[in-house]
1. Can you give the Rg to Rh ratio for segment 191-264, taking only C-alpha atoms and Rh from Kirkwood?
2. If each DSSP helix of 4+ residues adds -39,500 (n - 2.57) and the sum is divided by the residues in the chain, what number results at 222 nm, nearest 500 deg cm²/dmol?
3. In vacuo Debye scattering of segment 1-95, one point per C-alpha: log10 I(q)/I(0) at q = 0.10, 0.15, 0.22, 0.24 Å⁻¹?
4. So who's got an amide H within less than 5 Å of the one on V43, skipping anything under 5 residues away but keeping other chains? H placed 1.01 Å off N, in plane.
5. Applying the Karplus parametrisation 6.51 cos²θ - 1.76 cosθ + 1.60 with θ = phi - 60° to the phi angles of segment 191-197, what ³J(HN,Hα) value in whole Hz is obtained for each residue in order, glycine and proline being reported as x?
6. For segment 218-368, place one equal point scatterer on every Cα, skip the solvent, and apply the Debye formula. What is log10 of I(q)/I(0) at q = 0.15, 0.22 Å⁻¹?
7. Over 25 Å between C-alpha atoms is what I'm after, so list which of K4/K290; K26/K251; K137/K251; K244/K290; K147/K201 land there.
8. Among the trypsin sites (Lys or Arg not before Pro) within segment 266-319, which fall in a DSSP loop and have no more than 15 other Cβ atoms within 10 Å of their own Cβ?
Amino acid sequence: MTFKELGVSEEIIKGLKEMGIEHPTKIQEAAIPVLTEGIVDFVGQAQTGTGKTAAFGLPLLAQIDPSNEEIQALILAPTRELGQQIARQIFKFTKYTDKVFTEAVYGGEKIDIQIARLNRPTQIVVATPGRLIDLIKRKAIDIRKIKTLILDEADEMLSMGFKKDLSTILEMTASKERNVWLFSATMPQELNEIINKYVNKNARRVAIDKQDAVNTGIEHQYVSGDDNSKLDTLAYFLKSMGKKRGIIFTKTKTAARTLSKQLIAKNYEVGLLEGDMLQKDRDKVMRAFKNENLRLLVSTDVAARGIDVANLAFVVHYQLPDQTEYYTHRSGRTARAGKTGISLALVNQYERRQITQLERTLGIKFTQIR
């Protein structure tokens, strides 16, 4: 299908072409016609990197009245990075349309600066749940009249501890005229509880590649050995990848710091992301990585949430995560936008059982490498 067949306006299609977006993805084909129907609740399940921002962003823009300067829509995202990315994309979509004003609000930036920006005409707000609650408490934002509430990467928001904040926001915006559009890579029980309570029971549901909880463009591999040989195995793999770029995941901050130092000692261009970093240091690392000044990123699960960097060839699990959902989100950093990639797990004899469990739970197949 084409975007024109999906009912997307010529002006927006022109903007999409400039962004290199020519053909709709599966989630866009499934969501856009439904979300342009009017008042409709929607639950969409699709893995990361499948074009969810356009899937909800394009129908949302079709609803916005540019002449009305009030907030008409609210998009919730788990992290500052994802919030900024969504706001940027919506801005690019509207290059050739009437001006629609979008503001992104999040922790890590002075709240007074964001309050000043919200005093300007604003039709769409993209927010992290915690910062939004802070703004509501200060009476700096009124979300009670919004027509559309979008939850992007809803499972991530729950795993980050935002359940109470999400419930508060859903309660505050509850009205018969309000749409809820929820997008998630996985559907944990906690998320189903929120859907059952706050989303219309007749909501339209779409699951893309449900039998493949993880992107089918990803080749899953593992190397089995002892912990002492992991660094050498990693170095061998990185050498085999030439100049290709990727992210290496650890479970703990200590492991991430140690590994980044070890790789720097081996003359790799490495950036470190871990939960205790200051936001300005985190932003500096992400800028360097996105600008391709760094080849590798070593990261913990928490620090990597919301990262979207194009053309990453691989993800390495230096330590396997404790939760299946984390494997899905880690792996989804590669093979984005229809490309292919490698997800390599370095496992010891005890972690080998986790590989079997991941295969069974996610319906994927790992290949053992040497």
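Derivation of every value follows stated rules applied to the coordinates shown; laboratory data play no part. Quick caveat: nothing in here was measured; it's all calculated off a predicted structure. Every residue, glycine as well, gets a Cβ built from its backbone with ideal geometry; the counts of neighbours run over all protein chains shown.
1. Numbers: Rg = 19.8 Å, Rh = 16.7 Å.
Ratio of gyration radius to Kirkwood radius for segment 191-264: 1.18.
2. Numbers: 15 runs with 147 residues, N = 370.
So the helix-based figure for the chain works out to -11500 deg cm²/dmol.
3. -0.25, -0.59, -1.35, -1.59
4. Result for V43 returns L182, R204, R205, V206.
5. Calculated HN-Hα couplings, in order: 6, 4, 4, 5, 4, 4, 8 Hz.
6. With no solvent term, the Cα-only Debye profile gives -0.73, -1.68.
7. Details: K4/K290 32 Å; K26/K251 32 Å; K137/K251 35 Å; K244/K290 13 Å; K147/K201 18 Å.
From the list (K4/K290; K26/K251; K137/K251; K244/K290; K147/K201), the Cα-Cα distance tops 25 Å for K4/K290; K26/K251; K137/K251.
8. Values: sites: K266, K280, R282, K284, R287, K290, R295, R305; in loops: K266, R295, R305.
Answer in residue order: K266.
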